[in-house]
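One structure is given here, and the rest of the page talks about it.
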Amino acid sequence: MAKSAVNQLKVSVRTETGKGASRRARREGRIPAVLYGHGADPQHLELPGHDFAAVLRHAGTNAVLTLDIEGKEQLALTKALDIHPIRRSIQHADLLVVRRGEKVTVEVAVVVEGDAESGTLVTQETNHIEIEAEALSIPEQLTVSVEGATPGTQFTAGQVQLPRGVTLISDPELLVVNVVNAPTAEDLAEEGAGETAGAEAPEAAGEQESEAGAESEAE
């Protein structure tokens, strides 16, 4: 299912800018944001923090937003988020003006489905690929089926099935999923033995150095 412009947010125009004003806005539950695109001057806004976070949580960062800016509606796409490193709260948002029928470039999550052949190990090498799609028809996710895949099977970005009207931007040769033989118990045992031997070697060398140092001091 594609995104749609049902994510209505009533926003306000920021009359103050700067770090102090941004901190006050966040304390009051609002998120500072800037809206830009289509050659217009950047517009500084404040988003309702709870509602904006809810949209991102339920519809993802590619959700098209319908902004109510003092009674005027504007479609926008979230382009960047500044996240607090500890609290993980949204500190600031960059929003891009979009129009109906306009194509935009975004990253979309890739999900692996199905069960590969018994005795295999499936690794996902890439979690997102870049695509171009109409702003109101961005797919929520793309899927790769590994059902019955055998060892040595690989899926590249160019093999990911795209909805009609969606174009791949990522390198078609980008490796997305790799299917290999699962390690056996013997493989794991040998690997563990190798790690143990590697850990013991430096200790033995250290003991030899200590003994050599003791002999030097004795002389």
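Quick test for you: out of Glu113, Glu117, pick the one residue that is of a type in the set (D, E, K, R), under 21 Å from Arg164 (Cα atoms) and not assigned by TED's automatic domain parsing to the domain that holds Arg14. First the steps, then the outcome.
Working: Glu117 fails: under 21 Å from Arg164 (Cα atoms).
When all the criteria are applied, what remains is Glu113.
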Residues located in the stretch 131-144, provided they are closer than 27 Å to Val180 by Cα and surrounded by 15 or more Cβ atoms within 10 Å (Cβ to Cβ): Leu142, Val144
Pick from the stretch 111-159, criterion in a loop (DSSP other than H, G, I, E, B) and of a type in the set (S, T, N, Q), ranking: nearest to Val97 (Cα to Cα): Asn127
Selection count, the stretch 80-109, where residues are within 17 Å of the chain's Cα centre (by Cα), closer than 18 Å to Glu134 by Cβ and surrounded by fewer than 16 Cβ atoms within 10 Å (Cβ to Cβ): 2
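Just checking, which of Thr17, Thr61 is in contact with a His (Cβ under 7 Å, 6 or more places away or on another chain) and not in a strand (DSSP E or B)?
Details: Thr61 fails: in contact with a His (Cβ under 7 Å, 6 or more places away or on another chain).
None of the others qualify; the one that does is Thr17.
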Residue match in the stretch 82-89 (condition: outside any loop (DSSP other than H, G, I, E, B) and in contact (Cβ under 8 Å) with a residue 24 or more places away in the chain): no
Conditions (1) surrounded by 16 or more Cβ atoms within 10 Å (Cβ to Cβ); (2) out of contact with any Ser or Thr (no Cβ under 9 Å at 6 or more places or on another chain): number failed by Gln74: (2)
Single residue of Ala53, Ala25, Ala40, Ala21 found to be at pLDDT below 95, within 24 Å of Glu134 (Cβ to Cβ), aliphatic (A, V, I, L, M) and not assigned by TED's automatic domain parsing to the domain that holds Ala157: Ala40
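Looking at Ala33, is it buried (at least 18 other Cβ atoms within 10 Å of the Cβ) and within 26 Å of Ser137 (Cβ to Cβ)? So that I can check it myself, show each step before the final result.
Details: buried (at least 18 other Cβ atoms within 10 Å of the Cβ): yes; within 26 Å of Ser137 (Cβ to Cβ): yes.
Yes.
Filter the stretch 36-70 down to the residues that are of a type in the set (S, T, N, Q) and within 25 Å of Pro139 (Cα to Cα), then identify the one that is surrounded by the most Cβ atoms within 10 Å (Cβ to Cβ).
Asn62
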Unique residue being farther than 30 Å from Val64 by Cα, loosely packed, with under 15 Cβ neighbours inside 10 Å and under 20 Å from the mean Cα position of the chain (by Cα) when the list is Thr167, Thr150, Thr184, Thr123: Thr123
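The values are calculated or read from the model by the stated rules, or taken from the named source; none is laboratory data. The structure displayed is predicted, hence computed values, not measured ones. Methodologically, a virtual Cβ is constructed for each residue, glycine included, from the backbone with ideal geometry; neighbour enumeration extends over all protein chains shown.
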